[in-house]
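So the structure is just underneath, and the comments pick up after that.
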Amino acid sequence: MRNFLGLCPMSRFRILATLGGLFCLLLLFTFMLYRSVVNLSGEYIDNRTVSIDIQNFSEYPTKYFGVVSRYPAHIIYQQYQPLMDYLNRNTDYHFQLKLSNSYSETVQQLASGEVDVALLGSYMYATSKDEHDLIAILKPLNEDSLALRRSVLFTSKNSIIHKTDDLRGKKLALASKESFSGNWMPLHMLRLNGITRDDLEDISNYPNHHTVIHKVLRGEYDAGAVRESVARDFMDRGLRIFEYSDPLPTSPIVVTKQQDPDMVAAIINALVHQDPARTDKAGPIDIMDGGTVVSYIETDGSEYNFIRRVTNE
Amino acid sequence: MSLKIKIIFYVGLIIAFLMMIISIAFLYQFRSVILEKEISNARSVSSAAAIPILDAFIFSEQDFYDPSQILERHISYFMANVNGMKFMHVYNRGNKLTASTHWDPATPLQARPPEFRVTNTVRESVSIHRHDEYGWVIEIEYPLFIAGKYLGTTVMGFDGNPVRKEIRSLFIGLLILNIVVTTITLYVLYKLISKLTRSLGQLTDAIDQFDLKTPEKKLPLPDSDDEIGHLGKRFGLLQQRLIESKHNLAESQRNIYRAEKLAFIGRLSSGVAHEINNSVNGIQSCMYAINKDPKNHEQTEEYMKLISEGLQHIEIIVKKLLEYSRKNSPSLVNVNIAEIVENVLKLCSYKIQKLGITITFKPDTDLPGIKADKYLIQEVLMNLLINSMDAVSDGGCICIKAGRKNRQSIYLSVEDDGPGIAPEFTDLIFEPFFTTKDTGKGTGLGLSVVQGVVESHDGTIRLDSQPGVKTVFTITLPINGKHERTIN
Ligand SMILES: Nc1ncnc2c1ncn2[C@@H]1O[C@H](COP(=O)(O)OP(=O)(O)OP(=O)(O)O)[C@@H](O)[C@H]1O
Ligand SMILES: [Mg+2]
């Protein structure tokens, strides 16, 4: 007599018992799995996170380091905080950034003692050093270990302008009147080519170098003048340089003559005498308005006299 | 366990297991993808939120103003614009709570952020945990760094319940998928195997039905176009060969039977000729002597007596031959073996007494009656008994036993303690005219007649003899008369 699945009752019982057992196990397993899957508790720490001790600088005297920018505060900090970190690690002072909206404000802060040391534009330094007893102590070196930068005249890729002489009757955009490399030096370059303001259709100043580039690339101006390092960033976006200036000194680190010589010496010591083997020397780099600062070199400020001469022309 | 069950069970187990492993791998993979997505989302929001907070902290550092107010504005902006944001706390670089969504004194205590975070290290961390108020929360602790400068920490809580729900529905979906796929596979498997075993069953049924007696009957073999179909076809061929070889066997058996019969007739006639010839020769020489001297009455009388003895011997031989030839047609009636034994013992009682032999007869209590030819069986027993009586010396013992051998047959044995039969004779004693007795005393036909009768009853006869100890002749007879003959 055949019954369920053609089995005798004994083996049917065995199979049913096995199946039942398996089913119960499966049920239990599913339940445990569910519990483990929906239980999200836990720490999910990314590998990139690092633990950093909160530094306590209170034992060192605080010094204020003036920098200029029209960018949001956190961007300026991103640029200059590494320099501060480097100085804090390598001097017995605690340096803190002090922001300002313009070089003249920073000069005022230097003069009033509100900031102890500042990064100034070379034009601002050259024009205000006598009035406020300022003294350049260091100038940054670029990738080629030169404390030099250049101004460039540029146009867009497809422009018919190929040399400075072609600028006659064209519209030219310049950077701020406080910028030596973006305003004074290009004007000097035009004069060397015998071009005066009247030979151009239009000549205008814009507050910063990026604006100048944008105006030219958008076709609002036929050509523009900026610092070389800024222009280089736009070479792959349709910018073409057609004239380079003679080398100019880089923006100096400035103090007042009355500044504490110990602090000045400490800064110079930390920034100039960098041990090439040290891993944290990458501190003072990446100044926004151009080029990568690799290190610094001492200066007596005399090379900035050239700027005075050009601006007085 | 049937093949079907085995296959379904093991294949089902394997499929379920594989499905489970794949699903679990899939589940955990997707779970981590979902979590990662959610966490990176939370981190993006945190880093976006960090920018205005950083600015606020920087400005407060520059101008020494309290950033709380502007931070509160940022927080409420983020709470309003970021979906699923549950709470947000901002700590300054002294790890003191500067702004929070939970200043409200109505907030339950455990939901309120600690006013100070007592820690010397900061790091970005994400944790997911159950919150009393919000259920599942993805909490991200985002330190605000600019280069090496630490400005504070934000702690943000995002709603983790939708993630959990998503993972749960993933789980349930996979579970259902698993169940459905396994069920469908098992069902298909069941159908396939049922088809397979059905044709297998068909084949075994066909094999069961196969009977050599009716080989012509067409069997319902499966004719599917697979291995089982082939098996069925092969079985058909095997059946053909069986039928053929059965024909051949019957044919050769007939041949053997014929040859055996001819040989037997030869042996029988030479035996008969020899026996009769002896007597006829004797009679002839007597006749010759009488003819030569007919007047010698004394001699004639003596020779006539010898002639009569010779004729008597011939008569006995002919009578026994007749008995022997009658063996093929026993007339079956219900007989009682015990009764037959008693009869025979009565017939022989004189001789038994004269020889001083002890005879015992022990029929089993369950000895059934059988269908047999009463006189032939009597003849058989008589022959066996006479042989034993001839064999035993004075004061010998003969033991007759009868009983049920199995459901279909009985046994009858005659045992004596005579000299026994030498092994070289055991094959010869059933031959007609084989005798060890003196001429005129035994004809040598007794055991042939016994064997013929027993075979005509479909019985068997067996000899067990230990020379010098005992001799047992055992015959078995079917209870219901002749067995059906399988070979004609
Ligand atoms: N019980 C026995 N013990 C010993 N020998 C036996 C016994 N039964 C038969 N034999 C032997 O088998 C032979 C053949 O027996 P069988 O009955 O065929 O012929 P027989 O007894 O010699 O002559 P018959 O029976 O024709 O008078 C006997 O001659 C005898 O030698
Ligand atoms: Mg005999």
Considering lysine pairs in the stretch B:142-245 that are 8 or more places apart or on different chains, how many have Cα atoms under 24 Å apart? 6
Just for the Cα atoms in the stretch A:62-175, what are the lengths along the principal axes, largest first, rounded to whole Å? 56, 31, 29
Candidate lysines for bridging to B:Lys320, where Cα separation is under 20 Å - those fewer than 8 sequence places away on the same chain excluded: B:Lys261, B:Lys374, B:Lys437, B:Lys441
What do you get for Rg/Rh over the protein assembly as shown if you use C-alpha atoms and the Kirkwood form of Rh? 1.57
For the stretch B:405-420, Karplus couplings with θ = phi - 60° (6.51, -1.76, 1.60), whole Hz, Gly/Pro x: 8, 8, 5, 9, 9, 10, 10, 9, 10, 10, 10, 9, 9, x, x, x
Mean shadow of the stretch B:340-488, computed from the convex hull of its alpha carbons, in nm²? 9.5 nm²
For the protein assembly as shown, what is the mean residue ellipticity at 222 nm derived from helices alone (per DSSP H run of n ≥ 4: -39500 (n - 2.57); sum divided by total residues; nearest 500 deg cm²/dmol)? -16500 deg cm²/dmol
Partner lysines for A:Lys170 [C-alpha distance under 24 Å; skip if fewer than 8 residues away on the same chain]: A:Lys157, A:Lys215
Dividing the mean separation of Cα pairs under 8 Å (6+ apart) by the residue count of chain B yields a relative contact order in percent of 9 percent
Would you tell me the mean number of C-beta atoms belonging to other protein chains that fall within 10 Å of each C-beta in B:160-167, as a whole number? 2
Coil-residue trypsin sites (Lys or Arg not before Pro) of the stretch B:389-454, DSSP, other Cβ within 10 Å capped at 11: B:Arg407, B:Lys441
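Give, in whole angstrom and from largest to smallest, the semi-axes √(5λ) of the equivalent ellipsoid of the stretch B:28-154, with λ running over the eigenvalues of the Cα gyration tensor.
Over the Cα atoms of the stretch B:28-154, the ellipsoid semi-axes are 24, 18, 14 Å.
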Cβ-based net charge around B:Thr439, under 13 Å, with every Lys or Arg adding one and every Asp or Glu removing one: -1
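Rank these for me by crowding, A:Met32, B:Met85, going from fewest to most other beta carbons within 10 Å. The partial results should precede the final answer.
On the way: A:Met32 10, B:Met85 19.
Ranking A:Met32, B:Met85 by Cβ neighbours within 10 Å, fewest first, gives A:Met32, B:Met85.
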Computed FRET efficiency, Cβ-Cβ of B:Ile22 and B:Thr107, R0 51 Å: what is it to the nearest 0.05? 0.65
Helix B:337-355 versus the longest principal axis of chain B: what angle, 0 to 90°, nearest 10, using Cα atoms? 40 degrees
Order these by the 10 Å Cβ neighbour count, fewest first: A:Cys24, B:Cys286, B:Cys348. A:Cys24, B:Cys348, B:Cys286
Largest first and to the nearest Å, give the Cα extent of the stretch B:115-179 along each principal axis. 56, 28, 15
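Each value in this text was obtained by applying a stated rule to the coordinates, not by laboratory testing. Please read these numbers as outputs of a predicted model, since none were measured by experiment. So basically every Cβ, Gly included, is an ideal-geometry build from the backbone, and we count neighbours across all protein chains shown.
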